[in-house]
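Below is one structure; the comments refer to it alone.
Rule-based calculations on the coordinates, nothing more; no lab input. For clarity, every value in this text was computed on a predicted model and none was experimentally measured. As a convention, Cβ positions derive from the backbone with ideal geometry for all residues, glycine included, and neighbour counts pool all protein chains shown.
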Amino acid sequence: MRRVTFELEHDQFRDSVRKFMQAEISPNVERWQEAGIVDREAFTKAGANGLLCTWAEEQYGGLGIEDFRFEQIIMEENTRHGDLGFYLHLHSNLVAPYIAKLGTDEQKARFMPGIVSGEKILAVAMTEPSTGSDLAGMKSRAVDMGDHWVLNGSKTYISNGILADVVVVAARTDPDSSHGIGLFLVERGMEGFERGRKLKKMGLKAQDTAELFFNDVKLPKANVLGDATMGFKYLARFLAQERLVAAIIFQTTAQVAFDITLEYIKERKAFGQPIGTFQNSRFKMAEMKAELDAMQCYIDQSVLLLNNGELTADDAAAAKLLTSELEARVVDQCLQLHGGAGYMEEYRICGIYQDARISRIFGGTSEIMKEIIGRSLGLDDRKRNK
């Protein structure tokens, strides 16, 4: 399907991103997956090629591009020709905006140049061992000591947890309020900041996921993002973009699964003919193509809405819900069409299947997305139960 939301400059940019991914990322994927972590140089090379935070102001080394389609292209090409474990989208589109939008001029001057160049890799730490993603139940605490803050607590399932040089950490600052949370910039090498295990996962094996521990970490006031009691609202403010980022990647993953399966069933034979010529194969592929094309239109339109500042929380929740569920169906059917080969790790569909299972969980489960959409319709059982 021809995608009409992109223009010539986007196509030219896509060509350059594709070449970068094919030359610098793809050849290293197998090694990174075995090591459970990507090379730091992957980020600095991406930065040198203008592929980190394209939206960042030129004074910090960015391109100053206020068009999310360019970030969309980077995510799509990394998914197709790089590796999902190379978490540059977390760095550029989930964490960096906290610093760029909430940070002071001093904080931006201190951190943004390194973020754009890839020399300062980012992570965000919200999830805790005993509370999952329930921010209201957060136990990590930061105490105001007058001229500094002291942070204590632990976090788990933190993406880029080993590589990160700067971690945006959410911690409770008001013990009397379930929403009294602050966001703090914890830097590599700070006393009391320790990294635990590099966690082994079903998929996304090249992406380092870790436990983080904070034991009496002394944080200067200059490392607080915005108001130290408004973190809950800050986190909610960025959720629409974060969920659209996820949706872009899920949609692209599903499309890649479809594309490699189409190629496979044209070549693989059974009973003397290509398996793609059997009616079941044709019908399955036809159904998937129709769904993928329709969903791509929704995603591309959502990106344009984000560009215009019109993407709502329920729009983004719908995008995340629908793409993650579509990805699950498509990847499962594509593996089935590969037959026994699909279960072998030498075939790409096997890794895609492993990577895709987390999509309906992180960034808000499918069930939570349905709650958000339902409440936007005025169907909120919390009001009825009061």
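Within a straight-line Cα-Cα reach of under 20 Å, residue 201 can be paired with the following lysines, leaving aside sequence neighbours fewer than 8 residues apart in one chain: 155.
Close amide H partners of residue 38, meaning residues 5 or more places away or on another chain with modelled amide H under 5 Å apart, are 208.
Summing +1 for each Lys or Arg and -1 for each Asp or Glu, what net charge is found among the other residues whose Cβ lies under 13 Å from the Cβ of residue 79? Intermediate values should be presented prior to the final figure.
Details: positive: 14, 18, 80, 348; negative: 71, 76, 77, 83, 259, 327, 355.
Summing Lys and Arg as +1 and Asp and Glu as -1 gives -3.
A straight Cα-to-Cα reach below 18 Å connects residue 284 with the lysines 266, 269, residues fewer than 8 places away in its own chain not being considered. One chain, two ends: residue 279 and residue 188. Fully extended at 0.36 nm per residue, the span grows by 27.1 nm beyond their Cα-Cα distance. Between the helical axis of 105-117 and the longest alpha-carbon principal axis of the chain there is an angle of about 30 degrees. Along Cα→Cβ, 7 Å out, is where each label goes; now give me the distance between the ones at residue 48 and residue 7 in nm to one decimal. Placing both labels 7 Å beyond Cα along the Cβ direction yields 3.1 nm.
For the chain, the longest principal axis of the Cα atoms and the long axis of helix 239-267 meet at an angle of about 20 degrees.
Note that region 343-353 has calculated 3J(HN,Hα) couplings of 8, 8, 5, 6, 9, 4, 4, 5, x, 4, 4 Hz, one per residue in order, obtained from phi through the Karplus relation 6.51 cos²θ - 1.76 cosθ + 1.60 (θ = phi - 60°); glycine and proline are x. Residues in region 5-14 carry Karplus couplings, in order, of 7, 9, 10, 4, 5, 5, 5, 5, 5, 4 Hz; the curve used is 6.51 cos²θ - 1.76 cosθ + 1.60 with θ = phi - 60°, and Gly or Pro positions show x. Straight Cα distances below 22 angstrom link residue 101 to the lysines 120, 221, 233, with same-chain residues fewer than 8 positions distant left out. Take each peptide in 273-281, 215-223, count the other Cβ atoms within 10 Å of every residue, and average; sorted highest first, the result is 215-223, 273-281.
Using just the helices of the chain, give the 222 nm mean residue ellipticity in deg cm²/dmol: DSSP H runs with n ≥ 4 each add -39,500 (n - 2.57), and the total is spread over all residues, rounded to 500. Present the calculation step by step, with values, prior to reporting the outcome.
Details: 13 runs with 178 residues, N = 386.
Value at 222 nm, helices only, nearest 500: -15000 deg cm²/dmol.
The order of the peptides 84-95, 51-62, 187-198 by mean Cβ neighbours within 10 Å, most packed first, is 84-95, 51-62, 187-198.
Averaging the sequence gap over all C-alpha pairs within less than 8 Å and six or more residues apart, then dividing by the number of residues, gives the chain a relative contact order of 15 percent. By the count of neighbouring beta-carbon atoms within 10 Å, fewest first, 237, 110 end up ordered 237, 110.
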